[in-house]
Amino acid sequence: MNFTEKIFTLLSENLKLPYYQAERRIDIFINVFLEDIVRKYSPFKDAIYLLSEFPLKKTEVSDHAAHIDYLMFSPSKQTVLLVELKTDERSVNVNQLKFYESEPRFCEWYTKFEKIKMKGFDSKKNIVKKLLKERLGDDLTQYSCALIIIKPDGPTESDKKEGRYFIALNEVDIDTEYADEWRLFREIILSNLSK
């Protein structure tokens, strides 16, 4: 067993534990394959990864924020993609999805992001701002938002809504430069997510 197989096997075993936070552990592996997955299984064929854990400010009176797992961008569709990863079917929350969809234009989310006071994190906030400016430019008003939910199985009836895109991890099969690692990840990890 090589190192990668050992990591995936250990992760797979830990997935069986009741309080194991699988999403936090699987996140980095999905991130490696994210562009391939989204490009193949959504209408956003040119999607590029921007960053992880973008804060979406909840209210005007507090700095509490929900963090979308991945922020991506489709240049051809002029759309910023809010990508949410779920490793457990039971963790999909309709109210959470509605919140993510509450701002149809990315400039609204960005304006709220700028208002968040991040004590001790100003330099990190500036990194995010710089990265988004480099990738998206100065005029954020031109970009709409779309929500993509990546989860073990396909959408349930209560999940479905126009403008939401679902990707069922258990059905994902991609061509990638990391074909051996993808095969292992799919066989050892993804096959165990909905069990």
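Every number here is computed from the coordinates shown, using simple stated rules; none is lab data. Computed from a prediction, not measured in an experiment: that's the story for all the values here. Cβ: placed from backbone, ideal geometry, glycine included. Neighbour counts: every protein chain shown.
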Problem - Residue-averaged [θ]222 nm for the chain, counting only DSSP H segments that reach four residues, each worth -39500 (n - 2.57) - result: -11000 deg cm²/dmol
Handout entry: Electrostatic dipole magnitude of segment 32-177 [Cβ: Lys, Arg +1; Asp, Glu -1; Cα centre; debye, to 20]
Key = 660
Fill in the blank from the handout: Interchain or sequence-distant (5+) residues whose placed amide H lies within less than 5 Å of the amide H of residue 58 are 64, 65, 66
Exercise for the section: With r as the distance between the Cβ atoms of residue 96 and residue 180 and R0 = 45 Å, compute the FRET efficiency 1/(1 + (r/R0)^6) and round to 0.05. Expected result: 0.80
Practice task
Based on a Kirkwood Rh over C-alpha pairs, give the Stokes-Einstein translational diffusion coefficient of the chain at 4 °C and viscosity 1.567 mPa s in µm²/s.
Solution key: 73
Practice task
Enumerate the calculated ³J(HN,Hα) couplings along segment 58-74 in order (Karplus 6.51 cos²θ - 1.76 cosθ + 1.60, θ = phi - 60°), each rounded to whole Hz, writing x wherever the residue is Gly or Pro.
Solution key: 7, 9, 6, 8, 9, 9, 5, 9, 8, 10, 6, 4, 9, 10, 10, 9, 10
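If you take every DSSP beta bridge fully contained in the chain, what fraction is antiparallel? Give it as a percent rounded to 5.
Details: 14 of 26 bridges.
Here the share of antiparallel DSSP bridges comes out near 55 percent.
Report the semi-axes of the equivalent ellipsoid for segment 116-186 in whole Å, largest first, where each axis is √(5λ) for an eigenvalue λ of the Cα gyration tensor.
Working: eigenvalues 198, 86, 41 Å².
Gyration-tensor ellipsoid for segment 116-186: 31, 21, 14 Å.
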Problem - Above-threshold pairs, the threshold being 21 Å between Cα atoms, out of 40/77; 115/151; 40/86; 16/58; 16/160 - result: 115/151; 16/58; 16/160
Exercise for the section: Hey, for a label at residue 153 modelled as a point 7 Å past Cα toward Cβ, could you say which residues of segment 60-103 have their backbone N under 18 Å away? Expected result: 86-94
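Suppose the chain between residue 5 and residue 88 were pulled fully straight at 0.36 nm per residue; how much longer would it get relative to their current alpha carbon spacing?
Numbers: separation 83, 0.36 × 83 = 29.88 nm, distance 2.24 nm.
The span from residue 5 to residue 88 would gain 27.6 nm if fully extended.
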Problem - Built amide H within the under 5 Å cut-off of residue 167, gap 5+ - result: 149, 150, 151
Completion exercise
Contour minus Cα-Cα span, residue 45 to residue 58, at 0.36 nm per residue, comes to 1.7 nm
Practice task
Hydropathy first: keep DSSP H helices in the chain averaging at least -0.5 on Kyte-Doolittle, then drop any whose Cα extent along the axis falls short of 15 Å, and list what survives.
Solution key: 3-14, 22-41
